[in-house]
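*Asks:* I have a structure I would like to understand better, so I am pasting it below and will then ask my questions one at a time.
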Amino acid sequence: MAHQPFLGIDFTDQRGGISGFAHGWFFWVHQGFKSALDIAYAERIDEKKTSVMRDKRAQRLGYGSLVEYRKSLKEQGILTRDDEEYQAIVKHAVRDSIEAQRMPPLYSFRNTDGLESQCGRWYVQVSQSTPDKLSGTGKNRRITSGSVGFQLFGRSTPPGAPVLWEPSGWHACSQAEFAALLQHGTCAALQLVAPIEECTPVTSEQMNQADLFG
């Protein structure tokens, strides 16, 4: 079974020599947060490869393809479900394991999760959380929104100086709104878009000198 590349969020940004951060997001969100973003491997059937494989197995029995095999059974008055060799062919499939995000996602950011903005001005620290939950079955399935309570910190030192953080308020929002905050810098709870001149990335040297809580 082959693993296929994830075609959703692009985890290609680098920070301080470390790769795997979400490209274009307002916060540095590493691929280690894939579980919180409801991204996981799921199995799928490769229909094209499966069709080729089944045709080859039908050819070994003297038929040009699986369709011809099915047609022959029909002409003989035999149901496909009653033919053991036909059933042996169709029960096999070529499967891939593909990384995907559930739609809509069930987010699950947790207590102690901490992330810094790419502009270097903001830091969020989760202190309370409940995950999104899926309940019901079929058409009655629904998502019960979880919540995130987090402390916002603002950088109190100018670019080029050791990084110090000052508390800038405690906020609460849904799990989905928190994910939107990480991606865009805005959500229903607050807006963090900094002036362009203040958006100076923190260097790895400054990170090593940082005192998170001042």
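Read-outs throughout are calculated quantities, based only on the coordinates presented, and are distinct from any laboratory measurement. Computed from a predicted structure; not experimentally measured. Cβ coordinates were reconstructed from backbone atoms using ideal geometry, including for glycine residues, and neighbour counts include every protein chain displayed.
*Asks:* Hey, what's the Cα Rg ratio for the stretch 47-93 versus the globular rule of thumb, 2.2 N^0.38 Å?
*Replies:* Taking the Cα Rg and dividing by 2.2 N^0.38 Å, one obtains 1.05.
*Asks:* Got the relative contact order for the stretch 47-93 handy, in percent, Cα pairs under 8 Å and 6 or more residues apart?
*Replies:* Relative contact order comes out at 35 percent.
*Asks:* If the chain between K139 and R110 were fully stretched, how many nm would it gain, using 0.36 nm times the residue separation less the Cα-Cα distance?
*Replies:* Length gained between K139 and R110: 7.5 nm.
*Asks:* Turning to a different aspect of this structure: Taking 1 over the mean of 1/r across every pair of different Cα atoms in the stretch 1-77, what Kirkwood radius in Å do you get?
*Replies:* Details: mean 1/r = 0.0607 Å⁻¹.
Hydrodynamic radius (Kirkwood, Cα only) of the stretch 1-77 equals 16.5 Å.
*Asks:* Loop-only trypsin sites (Lys or Arg not before Pro) in the stretch 63-146, please: DSSP not H, G, I, E or B, and at most 11 other Cβ atoms within 10 Å. Don't skip to the end; give the middle numbers.
*Replies:* Details: sites: R70, K71, K74, R81, K91, R95, R102, R110, R121, K133, K139, R141, R142; in loops: K91, R102, R110, R121, R141.
Listed in order of number, the matching sites are K91, R141.
*Asks:* Rounded to whole Å and sorted largest first, list the principal axis extents of the Cα atoms in the chain.
*Replies:* Result for the chain: principal-axis Cα extents of 83, 40, 25 Å.
*Asks:* Whole percent per 10 Å bin, from 0 to the bin with the longest distance: what is P(r) over all C-alpha pairs of the stretch 122-172?
*Replies:* Reading upward from the zero bin: 23, 30, 21, 15, 8, 3.
*Asks:* Another question, then. Subtract the Cα-Cα distance of E85 and A161 from 0.36 nm times their separation in residues, and report this length gain in nm to one decimal.
*Replies:* Fully extending the segment from E85 to A161 adds 20.0 nm.
*Asks:* Is any residue of the stretch 69-99 close enough, with backbone N under 20 Å, to a label point placed 7 angstrom from the Cα of T50 along the Cα-Cβ axis, and if so, which?
*Replies:* 69-71, 80-99
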